[in-house]
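The values are calculated or read from the model by the stated rules, or taken from the named source; none is laboratory data. Computed from a predicted structure; not experimentally measured. Ideal geometry is used to build each Cβ from the backbone, glycine not excepted, and the neighbour counts take in all protein chains shown. The area values use the complete protein model at the heavy-atom level, side chains included, leaving out ligands, DNA and RNA. Shrake-Rupley method; radii C 1.70, N 1.55, O 1.52, S 1.80 Å.
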Amino acid sequence: MMSARKCRAWGCVVLSIGFLTGCFAHVEHLPKADPRVPSFQPLPQRSPLLVGIALSGGGSRAAYFGAAGLEALAYIRQGSDQPSLLEQVSHISSVSGGSLASSYYVTHKPPSDVRVLTPNGSLTPEYRSFFDVPRDDGQELPALTGIAPVLQRPLV
């Protein structure tokens, strides 16, 4: 067995080596930037319109209200040749019950290359089937009611 004195001495040596290695650093010398050449790639051109949605909480009522609001945004456009406002949404923020509607929308909506509205202003078949869910009697329920089974499940 090592004596306590030798153990302390080896500890000091190891500790000193650890401290000294921090003093040695490799410095990478980079060439100077050319002011005539851009340092970063230019950002892609984006629409000046920034659309965000905030869905508040409040349980199942907030979830249904948020779902109905998302469907209402699907029908709004700035002009007849413009895409739906829902297609232009880039940010969604939600809490509590509103998160049920927003998470269902984000996880179940059709792919981004599918248009929301047809040229005549009605929903495309993909979005119509997304927003409508058949009832037991064959009728369609509006407003993203695919969320209804989620809301009716007991939370365990």
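With all protein chains in place and ligands, DNA and RNA left out, the 1.4 Å accessible area ranks ASP34, ASP132 as ASP34, ASP132, largest first.
The label point for LEU49 and the one for SER16, both projected 7 Å from the Cα toward the Cβ, are 7.2 nm apart. Taking the Cα centre of the stretch 76-134 as origin and assigning +1 to Lys and Arg Cβ atoms and -1 to Asp and Glu Cβ atoms, the resulting dipole is close to 80 debye. Taking all protein chains as they are arranged and a probe of 1.4 Å, the heavy atoms of LYS109 leave approximately 70 Å² accessible to solvent. This model, with +1 at the C-beta of Lys and Arg and -1 at the C-beta of Asp and Glu, gives the stretch 6-135 a dipole about its Cα centre of some 500 debye.
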